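I have placed the structure first, in the form of structure tokens, so that the comments after it can refer back to it.
The values are calculated or read from the model by the stated rules, or taken from the named source; none is laboratory data. Keep in mind it's a predicted model, so treat the numbers as computed, not measured. Virtual Cβ from ideal backbone geometry, glycine too; neighbours counted across all protein chains shown.
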Amino acid sequence: MLVLLVHVILAAIACWFLPQGFPILHRRFVLNTLGPACLGAGSLALAIALLLAPGPGCRFLPAIPTFWGASALGLLLVFPETGSAAARPLGLVAVNLAAFAIFTCRKHALREWLPAATLGIAAGSCVAYAERPAPPTTQPSRQEPPRRTGSESERIAGTFELEPGLAIDGPTLGVTWRTRDATIAIEPALEFDRTPPDGFWSIFTDTIGRGKTAVSATTAPGSLELWAADGTQRLSVQRKASGVELEAWTPVERSTYSHLNSFTTLTVSGHRRLALRFSVCPSELIAVTHADYPAGAPARFAYVDAARRFHVVQAADAEKGPFTSLAEGKLAAGEPLAIDLIELDDGPRTFAHLEFLDFAAQLSTALSPTAGHGVSENAIQFGLAETNASSPAHLVFTLAASGVGRGWDSVGHRVGVYRNRVLLSPFERPPTPEPVGDRTLLGRHGMGELRR
């Protein structure tokens, strides 16, 4: 009886903890809603049956150990490389429950308890099968990265100063631009965290994903190219009159699954109160705020759904749903996404403009297994490092990840080469007016917001 009550409690916890809001036919609805509900209701019904009619009720006990045993065996079959870490404790639970069930049902014939055991096996197998990650749906670039010709190159030694205030870090493929108003650091190369080879939860693997690889550099006036050992380009930095153009290439040689990864990481510091303006919903200024983890102050992020609707939302608790809409727009697959960095303390005033030319074309719009409520695998997560409004702000772009919501489920990137072109145009603060006699000269833009 105590074992059955424990199952009821576990089912209730699962229904509360696991993300909800999936379509009825989606596998995550089976795992997160239907499965726990059936387990809790079945365990409660069996407990009542054992109290009212112990003899007939015993026939259904084998469903419990066979459920856990089939789940353990299914994880081993579906995830042959990393599934054993979760299958072992489930198998141990199944063995102990089986011993109890055999003792309890020893007076019953095989045909009396076999249907219940079959039901448990079927349910456990379905749970293990539903844990399989969906096939990757990212869209690699159709372009091939440039290859190095016979131009001279040098080994990467660390940081390159392309010009005063503009530095490139060779090992991380990061670019930092320091202006009078702010410091903007960008890492535009695709990078994976843990990459389970069979797509199981990331906490069950120590495999680290490859991403940022460059071994040599070629420099020219106003430009820098970083190259991989095979002669393909990894990063190109071009200084233009309007700003900086970045082009990063990352090859993915096999279908790669991960819980966390980054297509672009952006860090902004030097602001006093930062907001973002997205090109697809230009009438809304979205303040960048601090979020707690794993619970507390709500996070803000943006994503593109399967209908190519661009959503900016705020979570209910940390990064967990349900989610409240802050702004919406339409972002076509080949459309650039522009983001203005806005200083709210003196204007508002735009101090930098970024364009991401390849993000929309390569992202996945499949449903995130950890977020629920219609949120896709792609995301632009943004927030402050601390509660202070002037603390550094971080923006992390992902084509397919499961960092939003609850769980460590992995999602995939397809085989191919991923291209990331970023245009950065900083806008300096208007010069301080200089008094002339008893008059004050104002710049062409006055004291308001600079307009491009």
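Quick notes on this structure:
- Residue check for A366: more than 17 Å from N261 (Cα to Cα), in the same structural domain as T176 (by TED's automatic domain parsing), of a type in the set (G, A, S) and surrounded by fewer than 21 Cβ atoms within 10 Å (Cβ to Cβ): no
- Looking only at residues in the range 1-22 that are in contact (Cβ under 8 Å) with a residue 40 or more places away in the chain and exposed (fewer than 14 other Cβ atoms within 10 Å of the Cβ), the one that is nearest to E131 (Cα to Cα) is F17.
- Any chance L235 is farther than 16 Å from I168 by Cβ, touching a residue at least 60 places away in the same chain (Cβ under 8 Å) and crowded, with 18+ Cβ neighbours inside 10 Å: no
- Hits in the range 128-159 (condition: without any contact (Cβ under 8 Å) to a residue 12 or more places away in the chain and of a type in the set (G, A, S)): G150
- Within the range 278-318, the set of residues being on the phi > 0 side of the Ramachandran plot and either in contact with a Gly (Cβ under 9 Å, 6 or more places away or on another chain) or not in a loop (DSSP other than H, G, I, E, B) (or both) comprises just one member, A318.
- Any hit, the range 433-448, residues being at pLDDT 95 or above and in contact with an Asp or Glu (Cβ under 9 Å, 6 or more places away or on another chain): no
- For the range 241-273, a residue qualifies if it is crowded, with 21+ Cβ neighbours inside 10 Å and either among the polar types (S, T, N, Q) or farther than 17 Å from S425 by Cβ (or both), and the qualifying residues are A248, W249, T250, V252, T256, Y257, S258, H259, N261, S262, F263, T264.
- Applying the condition of being in contact with a Lys or Arg (Cβ under 7 Å, 6 or more places away or on another chain) and assigned to a loop (DSSP other than H, G, I, E, B) to the range 369-407 and asking which residue is surrounded by the fewest Cβ atoms within 10 Å (Cβ to Cβ) yields S390.
- Residues in the range 39-86 that are in a helix (DSSP H, G or I) and either of a type in the set (V, I, T) or not assigned by TED's automatic domain parsing to the domain that holds H7 (or both): I48, I64, T66, V78.
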